[in-house]
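Some notes on the structure that comes next.
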Amino acid sequence: MIIQDIKFETFNTCYRLAQYETPDGRYVSGQLPDGLNCGHFGNDLIRFILYQYHHQHVTQPLLLKQLLDLGVDISSGRLSTHIGNELFAWFSSTESKSRINVLSCLGQGSDYFYVLNAGAFTYREQQKLPQVLLSRLEGGSDVVCTLPLAHPEVGEVRIET
């Protein structure tokens, strides 16, 4: 008779990397083994998190609770926000997933201007955005949007034509 089971256990590996001072005063440090991501988490744990999130659709709060229950020392800030598609990817740890926060993250804290040009207007038509949104953007020339990136809690977008 064969009985199948599964075992979850956490374990930590402490890598003691030697550090030497050269005769000219520089320091040379030992390296982690090949294949480690130079972070605080091993490859198997990272694979487990990605599998749970992307394939099993476990939400980040539930995934955080599961990891903490398993004894993994991880904070909610370590679960990241992903923005992208098949051509572009951007990751960051943030407290909010609001649209203003996403634009603020992409702007990296700068007061960027977003120009809705002919390409943007073609895209909005292809995506069949609701007319109530489209009417705010009607105009003969490019539309410049400035976002209150320094204060995303304001939650407004100023549109200038």
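The values are calculated or read from the model by the stated rules, or taken from the named source; none is laboratory data. These figures come from a predicted structure and were not determined experimentally. Every residue, glycine as well, gets a Cβ built from its backbone with ideal geometry; the counts of neighbours run over all protein chains shown.
Tabulated results
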| item | result |
| --- | --- |
| From Ser110, Ser96, residue being at pLDDT below 70, over 30 Å from Cys14 (Cβ atoms) and within 14 Å of the chain's Cα centre (by Cα) | Ser96 |
| Pair list, Cβ under 6 Å, 6 or more apart: region 6-25 residue in contact (Cβ under 8 Å) with a residue 60 or more places away in the chain, other residue β-branched (Val, Ile, Thr) | Thr10/Val72 |
| Every pair of residues 6+ apart whose Cβ atoms lie under 8 Å, when the first sits in region 51-66 and is without any contact (Cβ under 8 Å) to a residue 60 or more places away in the chain and within 19 Å of Phe8 (Cα to Cα) while the second is surrounded by 13 or more Cβ atoms within 10 Å (Cβ to Cβ) and of a type in the set (Val, Ile, Thr) | Gln52/Val58; Leu63/Ile49; Leu64/Ile74; Gln66/Val58 |
